[in-house]
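Here the structure is laid out as structure tokens; the discussion comes afterwards.
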Amino acid sequence: MHTIEGVNFQLSEEHLAVRDAARDFAQNDLLPGVIERDIQTKFPKEEIKKMGELGFMGMMIDPQYGGSGMDTLSYVLAMEEICKVDASAGVAMSVNNSLVCYGLNQYGTEEQKQKYLKPLASGQIIGAFCLSEPEAGSDATSQKTTAEDMGDHYLVNGTKNWITNGETSSVCLVMAQTHVELKHKGINCLIIEKGQDGFVVGKKEDKMGIRASDTHSLMFSDVKVPKENRIGPEGFGFKFAMTTLNGGRIGIAAQALGIAAGAFELSVKYTKERKAFGKTISEHQAIQFKLADMKTKIEAARLLVYKAARDKDAGLDYVESAAMAKLFASEVAMWVTTEAVQIHGGYGYVREFHVERMMRDAKITQIYEGTSEIQRMVIAREILK
């Protein structure tokens with residue numbers, strides 16, 4: 001488990017084709033409107049639809065359920081290229097792939113897969129993963145949303161916070177407490193469709209970064225959910241959420257890697273064009289050293305992200321490698337984007353040059369799907385067990 005003996009990071013022809021397709025899409029379709037979407041907090045609806053058509057919304061799902069049937073490394077490569085340009089589109093892709101489709105594919109019934117996974121994996125609709133609450137962030141055991149057992153159905157009441165794809169999603173995977181006395185072992189995961197009576201989408205959050213991603217509160221008031229919409233056995237919800245989030249961390253690590261790599265590429269280009277004291281700033285050692293440090297940290301993050309993806313594909317325990325990849329890549333993203341703004345000087349502080357947006361986008365990668373502090377707890381637990 002801890003050796004990387006036999007791990008080959010040489011990319012296959014298929015991997016290179018996926019990476020190039022994602023890069024072309026990002027540069028041609030996402031780049032033109034990315035600043036405007038950020039300013040207007042406008043969800044990239046058409047762009048996400050095209051991502052679905054290209055097979056980027058259910059990459060690791062078997063084609064029989066509408067997916068692309070690819071491995072985790074392919075997914076990571078595509079995520080990186082998309083997030084180099086637009087981290088908001090990237091997080092919509094990540095949640096749909098890593099949390100919603102993966103969870104349904106691993107633990108859903110055949111009926112659930114036919115009804116929900118097929119349209120989600122093929123990108124016809126988009127999904128949301130609903131765990132966080134006003135009082136339950138890092139402490140996900142403190143679920144206040146309830147799913148009262150009514151015999152043939154559950155009655156769901158409560159509020160979910162910070163939900164990615166909150167408004168645009170058609171299907172939500174909702175964690176809710178059925179047996180309070182059993183604490184986290186009494187939590188269920190329920191598939192809830194939009195438009196049901198008592199299901200209200202709350203206000204859109206006005207965020208610092210990933211502003212084009214639609215983040216909302218979701219409110220449930222006596223929402224009736226049939227028993228066949230429960231994923232897994234009674235009380236499986238918390239385990240479902242934690243297991244699914246392990247894979248989600250690889251997606252967010254890839255997002256962080258993409259943000260860092262995108263800011264680095266822009267910085268290199270800028271240093272070759274900008275002149276100061278009679279020569280391009282790329283000829284100044286102070287700038288060269290910044291670029292050297294940025295590249296080194298990005299490459300180290302990339303190896304951790306690829307390792308986590310390879311572990312998952314090989315069927316190994318990837319809890320530790322996913323947590324390390326997310327912890328390190330997110331901290332690298334924050335550091336690299338801050339340096340990118342510094343390299344751009346005054347231009348780095350204005351929207352037109354992209355790096356200020358990337359710096360704002362980078363911050364959330366240290367917070368969502370498990371804060372950096374939670375990742376350290378996970379890593380330490382794995383070391384000591």
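The values are calculated or read from the model by the stated rules, or taken from the named source; none is laboratory data. Treat the numbers as computed from the prediction; the structure is a model and nothing was measured. Neighbour counts run over all protein chains shown; Cβ positions are idealised from the backbone, glycine included. In case anyone asks, the SASA skips ligands and DNA or RNA and just uses the protein heavy atoms, side chains included. Shrake-Rupley method; radii C 1.70, N 1.55, O 1.52, S 1.80 Å.
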Exercise for the section: For region 73-172, just say rounded, prolate or oblate: build the C-alpha gyration tensor, square-root its eigenvalues into a ≥ b ≥ c, call rounded for a/c under 1.5, and beyond that prolate if a/b exceeds b/c, oblate if not. Expected result: oblate
Problem - Accessible-area composition of the chain, carbon plus sulfur, in percent [1.4 Å probe] - result: 54 percent
Problem - Using θ = phi - 60° and Karplus 6.51 cos²θ - 1.76 cosθ + 1.60, couplings along region 108-125 (whole Hz; Gly, Pro as x) - result: x, 7, 4, 5, 5, 5, 5, 7, 10, 5, 3, x, 6, 5, 7, x, 5, 10
Practice task
With a point put 7 Å past each Cα toward its Cβ, work out how far Trp335 is from Lys227 in nm, to one decimal.
Solution key: 5.4 nm
Completion exercise
For the chain, dividing by residue count, accessible area per residue (probe 1.4 Å) in Å² works out to 43 Å²
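Find how much the distance from Ala286 to Leu16 grows on full extension, using 0.36 nm per residue of separation minus their present alpha carbon separation; answer in nm with one decimal.
Length gained between Ala286 and Leu16: 93.8 nm.
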Exercise for the section: Pull up all non-local amide H partners of Lys204: gap of 5 or more, or a different chain, and H-to-H distance under 5 Å with H placed in the peptide plane. Expected result: none
Fill in the blank from the handout: Most fluctuating of Leu77, Leu291, Leu11 in the GNM of the chain (C-alpha, under 10 Å) is Leu11
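Give, in whole angstrom and from largest to smallest, the semi-axes √(5λ) of the equivalent ellipsoid of region 294-385, with λ running over the eigenvalues of the Cα gyration tensor.
For region 294-385, the semi-axes come out at 30, 14, 10 Å.
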Exercise for the section: Please give the contour-minus-distance gain from Glu234 to Tyr349: 0.36 nm per residue of separation, less the Cα-Cα distance, rounded to one decimal in nm. Expected result: 36.2 nm
Exercise for the section: Any chance you could give the angle, 0 to 90 degrees and rounded to 10, that helix 72-85 forms with the longest Cα principal axis of the chain? Expected result: 60 degrees
Exercise for the section: Taking the Cα atoms of region 88-127, report the difference between the largest and smallest coordinate on each principal axis, in whole Å and largest first. Expected result: 31, 18, 10
Practice task
Calculate for the chain the 222 nm mean residue ellipticity that helices alone would give, adding -39,500 (n - 2.57) per DSSP H run of length 4 or more and normalising by residue count, nearest 500 deg cm²/dmol.
Solution key: -15000 deg cm²/dmol
Exercise for the section: Within region 185-290, list the chymotrypsin sites (Phe, Trp or Tyr not before Pro) lying in a DSSP loop whose Cβ has at most 15 other Cβ atoms in a 10 Å radius. Expected result: Phe277
Practice task
Please report Rg over Rh for the chain, where both radii come from the alpha carbon positions and Rh follows the Kirkwood definition.
Solution key: 0.98
Exercise for the section: Work out how much length Lys45 to Met219 would gain on full extension: take 0.36 nm times their residue separation and subtract the Cα-Cα distance, in nm to one decimal. Expected result: 60.3 nm
